[in-house]
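**Student:** Here it is, the structure in full.
The values are calculated or read from the model by the stated rules, or taken from the named source; none is laboratory data. As the structure is a prediction and not an experimental result, all values here were calculated from the model. Cβ atoms come from the backbone with ideal geometry, glycine included; neighbour counts cover every protein chain shown. Note: areas computed on protein heavy atoms with side chains; ligands, DNA, RNA excluded. Shrake-Rupley method; radii C 1.70, N 1.55, O 1.52, S 1.80 Å.
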Amino acid sequence: MTVNINWDHLTFSLTPTASQFVCRYERDKGWDKGEYLPFGEFLISPAASVLNYGQGLFEGMKAIKTPSGGVNLFRPEENIKRLNAGGKQFFMPEFPVEEFLTMIPEVVRRNQDYIPPFGLGALYIRPCLWGVSAGLGVKQADDYLFVVYTSPVGEYYKRGEKGVDLEVCHTATRASPQGCGHIKCIGNYAGVLHAKLNAHSRGFADCLFLDAKESSYIEEASSSNFFAVFGDTLVTPQLGSILPGITRNSILRIAKEQFKLNVTEKKITVDEALKADELFLTGTAAVVTPVATLTSKSTKKEYGDGTPGPVTQMITERLLAIQRGTYPDEFSWVVPVN
Ligand code: PMP
């Protein structure tokens, strides 16, 4: 089948694809065997717990074309582990890891016509887990839906040769200590839309959220982790109320084990970040996004000439090479879709 997509102008937006996976869980029966259906809508009760109380989690993954025409996934097991870890806190049933690892490649195969050519983007894969049975009081659902849909996507942060412009958000926080920041739950995103849109309206690509307790330490952007480079030291905020990004973890390992950089997970203040040599954001969608400028209140700092610094460049190239299968995968992170 040929699909009518302009691969040269992909953005990070939804293009419906051929197939989605749908699996249902009932408290007394467990998961059914799931089915592959055409992409489409569902009937859900207005009293579903996902709609009323936010009992919903999601993941984000990518399948990319390799230069030799293959298709690669990147650390898919980490996505289902993170989803299941979130499910524990949200009283949701675990989805079996092995089933996930056979289902995701099948979803990709069924949508193979929608995978962008090498270097032009990725097939974004969105697994979702929702509590769907109807109830009135605040409690966990009895029944759940696990849905995986896909979309071809281009760059998440639109930029040219230069990096993105970021602003520190001083008017909203994303996550509190002992809250849900470390979980990919749906409410984390809606809650700070206003802050992100405010930053957009002032010309920034995204905002950086500060910790909720002292409003001093940078946590992360709205959907990507944060790194700062000081000489040959790479610093990223420690885990706690931030999302434990799979890209973040991969970069920490590449930097430490392959490039022998000093790698530190610790609190980082805005003032420290303003003095860094380079900043970048990381994520499945963001990949590695260099930061050109950081603005905090009336202070604005430009990093170098705004183009990616040498450490950012080196890390980006290595991560992409591993994902594309053009550099040896010594960590066993890449899962080819056959
Ligand atoms: N932080 C947040 C809030 C996110 O939504 C994401 C995207 N999943 C990330 C960080 C990056 O995580 P990952 O590298 O696993 O995509």
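**Student:** Quick one: in segment 100-124, which of the residues that are over 17 Å from residue 66 (Cα atoms) and of a type outside the set (D, E, K, R) is surrounded by the most Cβ atoms within 10 Å (Cβ to Cβ)?
**Tutor:** Checking each candidate, the answer is 104.
**Student:** While we're looking at this one, here's another question. Based on what the data block shows, is residue 236 of a type in the set (Val, Ile, Thr), within 15 Å of the chain's Cα centre (by Cα) and at pLDDT 95 or above?
**Tutor:** For residue 236, the condition - of a type in the set (Val, Ile, Thr), within 15 Å of the chain's Cα centre (by Cα) and at pLDDT 95 or above - is not met.
**Student:** Search segment 86-99 for residues being without any contact (Cβ under 8 Å) to a residue 60 or more places away in the chain and part of a helix (DSSP H, G or I), and hand back the single one that is most open to solvent (accessible area, probe 1.4 Å).
**Tutor:** The extreme case among them is 88.
**Student:** Scan segment 300-332 for residues that are under 30 Å from residue 195 (Cα atoms), open to solvent by 70 Å² or more (accessible area, probe 1.4 Å) and not in a loop (DSSP other than H, G, I, E, B) and report the count.
**Tutor:** Matching residues across segment 300-332 total 3.
**Student:** A follow-up question, please. Can you find, within segment 62-85, the residue that is nearest to the ligand (Cβ to nearest atom) among those that are buried (at least 20 other Cβ atoms within 10 Å of the Cβ) and not aliphatic (A, V, I, L, M)?
**Tutor:** Ranking the qualifying residues of segment 62-85, first place goes to 79.
**Student:** I would also like to ask the following. Could you please let me know if residue 335 is surrounded by fewer than 20 Cβ atoms within 10 Å (Cβ to Cβ), of a type in the set (A, V, I, L, M), in contact with a Phe, Trp or Tyr (Cβ under 8 Å, 6 or more places away or on another chain) and part of a strand (DSSP E or B)?
**Tutor:** Judged against the criteria, residue 335 is a match.
**Student:** Hey, another quick one. Quickly run through segment 273-297 and pick out the residues that are over 15 Å from residue 207 (Cα atoms) and loosely packed, with under 15 Cβ neighbours inside 10 Å.
**Tutor:** Residue satisfying the conditions is 275 alone.
**Student:** Suppose we keep only residues that are over 23 Å from residue 334 (Cα atoms) and surrounded by fewer than 19 Cβ atoms within 10 Å (Cβ to Cβ) within segment 223-262. Which one would you say is nearest to the ligand (Cβ to nearest atom)?
**Tutor:** Of everything passing the filter in segment 223-262, 239 is nearest to the ligand (Cβ to nearest atom).
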